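Have a look at the structure below before the remarks.
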Amino acid sequence: MEAGAPPPPQAKTPQEAAASPDPAEKLEGVAAWVAQLDRKLATRFYALAAASVLALAAGIVAVVLALSVQGDSVTKGELADLRDQVDQANRSASNAAEDTVADLDDRLAEIESQIEAIRSDQSGSGRELSVIQDDIADLRDQVDAAQQAADDAAEAAADAQSSADSNSNDSP
């Protein structure tokens, strides 16, 4: 700032300028007030324009979605056909499941009868094994008795031979 220069005019608010007795200042205050009003209106205009554009875009999106939903909607006839197909698939699946269960029951009954036959064969085999073991024990007893008889006969023959030898040595 220079020493001789007048101080810069202080900016007055539009209300202060309008209250001033000087018509130039009043005019300046009115111009400031109009500029301030213009800024406020411009801001509101831009906000209103943006809101209008967004509302228009939302309306267009709503129309497009409504049209696509209408095109993708199912008629009552198509829904009834679909229900019939689902019912038919359920019946088919139920019949297949029942057939499978019946087949499994048959196979289970067959396996149970095979197991019972094996058990009866095992019990019969067990009885046969017991009889065979008894026969083997009897045969062992007979072999032991025959072995004892052979040993006794061999001993008796040896005694008879030794008696005969001693008798023949005694008689000249």
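Every number in this text was worked out from the coordinates using simple rules, so none of it is lab data. In this text, all values refer to a predicted model and were calculated from it rather than measured experimentally. Backbone-built Cβ (ideal geometry, glycine too); neighbour counts: all protein chains shown.
Pulled fully out, how much extra length does the chain show between residue 113 and residue 140, if you take 0.36 nm times their separation in residues and subtract their Cα-Cα distance?
Working: separation 27, 0.36 × 27 = 9.72 nm, distance 3.97 nm.
Stretched fully, the residue 113-residue 140 segment lengthens by 5.8 nm.
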Legend entry - Cα-projected label distance for residue 66 with residue 120, points at 7 Å along beta-carbon direction, nm: 8.2
Legend entry - Overall Cα dimensions of segment 51-143 - principal axes, largest extent first, Å: 122, 33, 10
Legend entry - Segment residue 44-residue 106, extension gain: residue separation times 0.36 nm, minus the distance between their alpha carbons: 13.8 nm
Inset, instruction - Determine, from the Cβ-Cβ distance of residue 130 and residue 158 and an R0 of 45 Å, the FRET efficiency 1/(1 + (r/R0)^6), rounded to the nearest 0.05. - result: 0.60
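With N residues in segment 13-74, what two-decimal value do you get for its Cα radius of gyration over 2.2 N^0.38 Å? Don't jump to the answer; show the numbers that get you there.
Details: Rg = 23.8 Å, N = 62, 2.2 N^0.38 = 10.6 Å.
Rounded to two decimals, the normalised Rg is 2.26.
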